Amino acid sequence: MAGSSFGELFRVTTFGESHGPAIGCIVDGCPPGMRLDASDIQQELDRRRPGQSRHTTQRQEEDQVEILSGVFGGQTTGTPIGMLIRNTDQRSQDYSRIQDLFRPGHADYTYLQKYGLRDYRGGGRSSARETAARVAAGAVARKYLQERAGIHILAWLAQMGPIRAEAFEPAEIGRNPFFCPDDEAAGKMAGYLDELRRLGDSVGARIDARVQGMPPGLGEPVFDRLEADVAKALMGINAVKAVAVGDGFAVVGQRGSEHGDAMTPKGFASNHAGGVLGGISSGQDLKVSLAVKPTSSIRIPRPSIDVRGRAVEVVTTGRHDPCVGIRAVPIVEAMLALVLMDHYLRQRAQNADVIPPLSPIPGEC
C-alpha cells in the first residue's frame, strides 16, 4: 500500500489496522539529543483516547505507547524512533453482519474496488484508529518545536452541527470533553449529542487551529507551499472534507484593499492571510480551519448494495463516535506539528546561513 508515509526530512510511516494486534509508527529524521520518554507521548495519546466520556465511542483502549527504538538514556539518538500501541479492546463480531455490505459515506466501497478485498473489521486501515499512531509521532515533533523553536500549537472545536462557540477562553478547552473554548456552548453540545445518540444519528463539526511563535521563512514558494502541505496533512485526516487557511472562503467577498495585510514599521495590521504569504510563513500566527463530516456508521437504516451489487438496507451497530470532530482535535494538532517540524528542518538545512535583512515584525493574530 502506497501513501503510508508523510514528510521529507521528518518522515513518519504508520502501520496497523483497527482490529489487528497493534498499530504503530516509525519516525525518521528526529534530531539527536532531545529529552524524550513515553510520558511525553502518552499525554497526547490520552487526549485522543476513546471512551473518556459518553460523547465518544465506548471502545476502551488504553493506548499505552511503547518506544521500541531511537531513544537511549532518555534522549533521542537520531536513529528511527519506533513506537507501538497495542489494540486491546477489539470487538470484530460487531461487524460480521455488514461484512458484505457497503456503508453509505464510508470507504468500504472504494477499498474493495481498489484492492479487490478489504478488512471489514472496523474499517481496517481506513479506520480512525490509525490516527493514534499519528498523534504519537506528532508528540515527538511538538516537543521539539516547543523546546527548540518556541512554536506552540492549539486546536479547538469551534462548531458542532448548529452549535457554535461564541466565546474564546483557551483555558476552557481542556475542561470539557469537547475541546471547546466556550463553556456554555459545550453544555449545549452535550445535550445535542445525547439526542443524536437516542436517534442513532451523527453530526459534523468545524475545528479551528492557531500556531503561535511561527518564525518567518517556513515553506517553499512553488510545490511545497506551507499552506499546501498543511492542507494535505489535514485533508489526510479521516472524515475531513474541507480546509481553509486564514479567512478561507470569506476571501470571495473581500476586496484587495480589505484582504491585503498592511505592513507598518510596528508590524502587520491584520492577518487575513493566516500567516502565510506566497507559500512561506510570515511570522504571524498560522490560522487554519477544517470541516469534518458526520460519522458514516450510524444506526439509522439506509439503502445501499452488497458486494454482489444487490439492493440492501444497512444498519451499523457497535461503538462509534456520534461526532468524530471531538477526538479529531488532538489529531489536527499532531498533523500540524508534523508539517511544521518537516519544514523547520528543511529551512534549517538550506537556509541556516541566511541573515534576514529585517527583523521579524509583529502583527495581528
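Here is how the numbers come out for the structure above:
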item: Distant alpha-carbon pairs in region 95-244 (separation over 22 angstrom), percent; result: 58
item: Estimated dipole of region 5-351 in Debye, rounded to 20 [Cβ of Lys and Arg +1, of Asp and Glu -1, Cα centre]; result: 740
item: Sequence-distant lysines (8 or more away, or on other chains) whose Cα lies within less than 27 Å of Lys293; result: Lys114, Lys188, Lys232, Lys241
item: Per DSSP, loop GluC sites (Glu not before Pro) in region 158-228 with at most 13 further Cβ within 10 Å; result: Glu166
item: Over region 94-149, relative contact order from alpha-carbon pairs under 8 Å, at least 6 apart, %; result: 26
item: Over the chain, relative contact order from alpha-carbon pairs under 8 Å, at least 6 apart, %; result: 21
item: Where trypsin sites (Lys or Arg not before Pro) fall in DSSP loop in region 212-283, at most 13 other Cβ within 10 Å; result: Arg255, Lys266
item: Principal-axis tilt of helix 131-144 within the chain, Cα atoms, nearest 10 degrees; result: 20
item: Computed E for Ala149/Arg255 - FRET, C-beta separation, R0 51 angstrom, nearest 0.05; result: 0.90
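Coordinate-derived values only; no laboratory data. Here the structure is a predicted model, which means the values were calculated and not measured. All Cβ positions, glycine included, derive from the backbone under ideal geometry; neighbour counts span all protein chains shown.
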